[in-house]
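Read through the structure below, which is laid out as structure tokens, and then see the notes.
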Amino acid sequence: MKIFVNHLFIYLFLLYLPRVRAYVVPNIVHQTYDYQRPSYFMFLSLKCVQFYLKPDKHILWVNDEGRFRKGHWDHWQISAKKGSWEAELVSMLSSGSIESKFVTFPSHPPGNESIHVSNKAHRSDFLRFKILQDQGGIYIDTDAFPLKSMDDLRSHNFTIAFDNVVNPDKRAPDRLRLNNGVMLATRHARFLKI
């Protein structure tokens, strides 16, 4: 009887023991922003990331193209009214919970300088792929709002969002509905090299 009780205890212990997953994607969240002033939607996205994803590091990559960008970025922070969402965002940035990095968005895809584009959305795409190649982590658009942890997805080398809102054409095959607005990747993930 004693052996049975010991085995039952071990079984129950193992049954209720939290599962430990091997995460291969670092808990670093990257987001890009290309406007002079942040929007309320961007603020909500950043808040959702902080609250639900609880990243070890959260980086907001801001387009620094043109000599006036940094001035606009600094100005909205100085003029944020106490108690406003802008003031809360300034607090998030100044406390270090979100790090802002200024970078000129690339005009060509990583590893292919023969293609040149001027479209800012595509240039942001190039930057997010380069960041994930170099650092790995989680990329989330600033108009996406995570409402729960993505830890279950961090055990895969690469994960990309499926989206039929951006591509509403129901005749399009499913493989054409991938959306790079949310991606998780290990550093140097093979999919990113395609």
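In the complete set of protein chains, residue-level accessible area for residue 103 is approximately 40 Å², probe 1.4 angstrom. Once all protein chains are placed together, residue 183 keeps about 0 Å² accessible to a 1.4 angstrom probe. Cross-link pairs exceeding 21 Å between alpha carbons, from the set 101/148; 70/120; 54/148; 47/81; 70/148: 101/148; 70/148.
The values are calculated or read from the model by the stated rules, or taken from the named source; none is laboratory data. Worth saying up front: this structure is predicted, and the values here are computed from it rather than measured. For the accessible areas, the whole protein counts, side chains as well, though only heavy atoms, and no ligand, DNA or RNA atoms are used. Shrake-Rupley method; radii C 1.70, N 1.55, O 1.52, S 1.80 Å.
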